[in-house]
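J.: For reference, the structure I am asking about is given below.
Throughout, read-outs are computed from the coordinates displayed, never taken from laboratory work. Since we're looking at a predicted model, the values are computed, not measured. Quick reminder, even Gly has a Cβ in these numbers, built from the backbone with ideal geometry, and neighbours come from all protein chains shown.
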Amino acid sequence: MSGKTKRKYDHESMLIAKSITQSLKKISEILPQYYTKQDLINEYKKYYPFDWQRLVERQQNYQEKDVFLISKRIKKRYYAKTADEFFFSLPKVKHMLSEGMRIKYSNNFEIELVLTKIKELESKRTIANEKITSRIRESKLNAQNVTPSYLDYYIKDYHKKGITTEEKLIIATELAKFDTDEVTIFFRKLNDSEKNDMIRRLSYDHLIDFGHYAKLRKGFKGKKKNYQTERVSLEDVRPQDLYTRLQSHAVNSKQRYDYFISHSSMDKKRVRDITNELNLKGNLCYCDWSIDDIFLKREYVSEYTKEVLKVRMEQSNKLLFIRTKNSMKSDWVEFELKYFEQLGKPIYEINHLENTKSLYSQFDIEKVKRKVR
């Protein structure tokens, strides 16, 4: 099995080498007259940043696998190079860095032609890179950039004996709402070793959507066990189901938040920007349409929705009220403010009736928040 795994790794390395070689044909037309080794790799990173990042992650991933094998007293399997070492070991790179090739390029160098080629490549790569950036940004739209304090609980519960596929799906879906190294490592491990096909595919898709390197493992060819092929769905879950989970000490009951964001759903853009700023300071935020989007669908609003929100407020240290024209008309916001006041916890506000410019790039939460209760 180890030989087969190594052959798959070598085959993928060959495909990556071919891809880089094709890209270098374009790079070879835009280099400085007296280019260096560093010029070559820098130009590749500049025009193919996502390919480079995936290569870095891939090589690190396989280096970590070798370290793990050694820790188990098993010899290395992959002998993975660093991304830089892999790049400079390619025949095309060695050829371009040879003395003869550099002299030839220097002698035939025409600045006008090179500038034209640079303009053409920049145009093509800008479009391609912007498409990738846009796709990743869309995937991460509601993701928080802070590691949840309950991550260890979730991972422990995921690996406990007897866990159902539905419970695994809930945990994986919940953690997919966070964009941190720790969560990425969790999904990498699922992509490598999870036996259920559906969960493994979910992990792979999450990594790809967030712009990470991932390789989808081929399915087992023999007769499969039920736990490998079982499929479950969270399409029909309701607020009542989440409330039951919160009361029954399921993983959801272990969640804790720094801020409960009280707002109007019509102000999502503002809420996302404020949440991002709070994340930068290490604060985890609760927002119903991002954290509990699966259970609290608008079409299933009921009294259980209120009960769930009460528990979420009890799990939160502070409430941050986003005062806007929309939130001032919201019965839900009024309910949240009254209940949080009953809890005796701090309530702060950001008044967007006054701050209409919303320059979040220069926004400092500590300077504009005011304690109102």
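J.: Order 120-129, 82-91, 182-191 from most to least packed using the mean count of other Cβ atoms within 10 Å.
T.: Numbers: 120-129: 13.1, 82-91: 14.6, 182-191: 18.9.
Result, highest mean first: 182-191, 82-91, 120-129.
J.: Tell me, how many Å apart are the Cα centres for region 183-209 and for region 3-41?
T.: Centre-to-centre distance over Cα atoms comes out at 27 Å.
J.: Could you pull out every residue, at least 5 positions away or on a different chain, whose amide H is within less than 5 Å of the one on Tyr257? Hs are placed 1.01 Å off N in the peptide plane, and Pro or chain starts have none.
T.: Ser316, Asn317
J.: Shifting gears a bit: May I ask you to sort Tyr79, Tyr47, Tyr153 by Cβ crowding, counting other Cβ atoms within 10 Å and putting the fewest first?
T.: On the way: Tyr79 11, Tyr47 21, Tyr153 15.
Neighbour counts put them in this order, fewest first: Tyr79, Tyr153, Tyr47.
J.: Do any trypsin sites (Lys or Arg not before Pro) in region 15-79 lie in a loop, going by DSSP, with at most 14 other beta-carbon atoms within 10 Å of their beta carbon, and if so which? Write down the numbers at each step before the final one.
T.: Numbers: sites: Lys18, Lys25, Lys26, Lys37, Lys45, Lys46, Arg54, Arg58, Lys65, Lys72, Arg73, Lys75, Lys76, Arg77; in loops: Lys72, Arg73, Lys75, Lys76, Arg77.
Within region 15-79, the qualifying trypsin sites (Lys or Arg not before Pro) (loop, at most 14 other Cβ atoms within 10 Å) are Lys72, Arg73, Lys75, Lys76.
J.: Give the order of Glu138, Glu167 when sorted by the count of other beta carbons within 10 angstrom, beginning with the fewest.
T.: Details: Glu138 9, Glu167 17.
Listing Glu138, Glu167 from fewest to most nearby Cβ atoms yields Glu138, Glu167.
J.: Right, next: With a bin width of 5 angstrom, please list the P(r) values of region 239-371 as percents of all Cα-Cα pairs, from the 0 bin to the one holding the largest distance.
T.: Percent of Cα pairs in each bin: 2, 10, 21, 24, 21, 13, 7, 2, 0.
J.: Could I ask something else about it? Karplus couplings for region 316-326 from phi (6.51 cos²θ - 1.76 cosθ + 1.60, θ = phi - 60°), rounded to Hz, Gly and Pro as x?
T.: 9, 6, 9, 10, 10, 8, 8, 7, 9, 4, 5
J.: Still on this structure, please answer the following. According to a simple spin-label model (label point 7 Å from Cα along Cα-to-Cβ), what is the distance in nm between Phe109 and Gln53?
T.: For Gln53 paired with Phe109, the spin-label model returns 3.2 nm.
J.: Work out from phi, with θ = phi - 60° and the Karplus expression 6.51 cos²θ - 1.76 cosθ + 1.60, the ³J(HN,Hα) of each residue of region 108-123, listed in order in whole Hz, and give x for Gly and Pro.
T.: Listing the rounded values in order: 9, 5, 10, 4, 5, 5, 5, 5, 5, 5, 4, 4, 5, 5, 4, 5 Hz.
J.: Positive end of the dipole of the chain, charges at C-beta (+1 Lys, Arg; -1 Asp, Glu), about the Cα centre: which of Val301, Gly100, Thr36 has its Cα farthest in that direction?
T.: The residue sitting farthest along the positive end of the dipole is Gly100.
J.: Just subtract the alpha-carbon distance of Lys281 and Lys338 from 0.36 nm times their residue separation and send over the number in nm, one decimal. Present the calculation step by step, with values, prior to reporting the outcome.
T.: Working: separation 57, 0.36 × 57 = 20.52 nm, distance 2.71 nm.
Full extension of this stretch gives 17.8 nm more.
J.: 5 Å is the cut-off here: which amide hydrogens, built 1.01 Å from N in the peptide plane, fall below it relative to Phe321, excluding neighbours closer than 5 in sequence?
T.: Correct list: Ser262, Tyr348, Glu349, Ile350.
J.: With just the Cα atoms defining each centre, how far is region 112-169 from region 221-244? Give it in Å.
T.: Rounded to whole Å, the Cα centres lie 25 Å apart.
J.: Which residue, Phe260, Ile208, Asn226, has the largest displacement toward the positive end of the dipole of region 196-267 when charges sit on each Cβ (Lys, Arg +1; Asp, Glu -1)?
T.: Toward the positive end, the furthest listed residue is Asn226.
J.: Follow-up question, since we're still on this one. Mind listing the long-range amide H neighbours of Gln144? Cut-off is under 5 Å, sequence gap 5 or more, other chains count too, H placed in the peptide plane at 1.01 Å from N.
T.: Phe178, Asp179
J.: Please list 3J(HN,Hα) in residue order for region 330-342, calculated via the Karplus relation 6.51 cos²θ - 1.76 cosθ + 1.60 where θ = phi - 60°; whole Hz, with x for glycine and proline.
T.: 8, 5, 5, 4, 4, 4, 5, 5, 5, 5, 5, 5, 5
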